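K.L.:
I am attaching a structure below and will ask some questions about it afterwards.
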Amino acid sequence: MTTSGSDVTVESVVRRVVADHRGERGPLLPVLHAVQAELGHVPQEAIPVLADALNLSRADIHGVVTFYHDFRREPAGRTTVRICRAEACQAQGADRLVTYARETGLTLGETSADRSVTVEQVFCLGNCALGPSVEANGRLYGRVGPARLGSILNGTLDGTVSS
C-alpha cells in the first residue's frame, strides 16, 4: 500500500523508522510514535512489517497499538479535538463537554463520518487552573463550555489560545 498520493509505501516508512531506532532498548513505543507521526496512524499493514523488523509477534504489536489510546488505527479527521477528563477539569464541568459532543453525534475516540473531526479524551492538558480545557489541533483552550466547544468542533472559533 502506498501512502496518500505518494510513491512511499507503508513498508518503506516502517522499515526506515525501525532503522532509525536500531540499537535502542525496547524501541517499540518510539517506533510506533514515529510511524504515526509520519503516516497519521498505525495502519494494519504496518503490523506484520513491525513484527518482522523488531523480531516480535504480530500479537505483541497489535496488543500495544490497541492498548495505548495515543495510537490510531485509522487516520484522524482534519480537526482533532481532545477533551480533558482529569480531576480538575471534571470538577469544572468536563462531563458537560463529553455529553455535548455525544449529543452532536461524535463519539469519543472516533472520527466523524465525513472525516472532519476526531474527538478524543485525555487525562491532563496541564491547564488545570482554566478547566475544563480542550485542545484542538494543538491549540489549547480553557474555560470551555458546550457553546464554545460547538464553535471549536465546527471550526468557527479563531485559532488563538484563550483563557
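K.L.:
Pick from Q36, Q44: which is assigned to a loop (DSSP other than H, G, I, E, B) and either closer than 25 Å to S12 by Cα or at pLDDT 95 or above (or both)?
P.N.:
Residue meeting the stated conditions: Q44.
K.L.:
Which residues, taken from the range 118-133, are in contact with a helix residue (DSSP H, G or I) (Cβ under 6 Å, 6 or more places away or on another chain) and buried (at least 21 other Cβ atoms within 10 Å of the Cβ)?
P.N.:
Within the range 118-133, V119, G131, P132, S133 meet the criteria.
K.L.:
On the given criteria, is V98 without any contact (Cβ under 8 Å) to a residue 24 or more places away in the chain and either more than 23 Å from P43 (Cβ to Cβ) or assigned to a strand (DSSP E or B) (or both)?
P.N.:
Yes: the conditions hold for V98.
K.L.:
With the structure loaded, tell me whether A53 is in contact with a Lys or Arg (Cβ under 8 Å, 6 or more places away or on another chain), farther than 24 Å from D114 by Cα, without any contact (Cβ under 8 Å) to a residue 40 or more places away in the chain and assigned to a helix (DSSP H, G or I) or whether it fails that test.
P.N.:
In short, yes.
K.L.:
Also, quick follow-up: From V65, V81, V13, V35, grab the single residue that is open to solvent by less than 30 Å² (accessible area, probe 1.4 Å), over 30 Å from I152 (Cα atoms) and within 20 Å of the chain's Cα centre (by Cα).
P.N.:
V13
The values are calculated or read from the model by the stated rules, or taken from the named source; none is laboratory data. Source: prediction; values computed, not measured. Here the Cβ is made from the backbone with ideal geometry for all residues, glycine too, and neighbour counts use every protein chain on show. Only protein heavy atoms, including side chains, enter the accessible area calculation; ligands, DNA and RNA are left aside. Shrake-Rupley method; radii C 1.70, N 1.55, O 1.52, S 1.80 Å.
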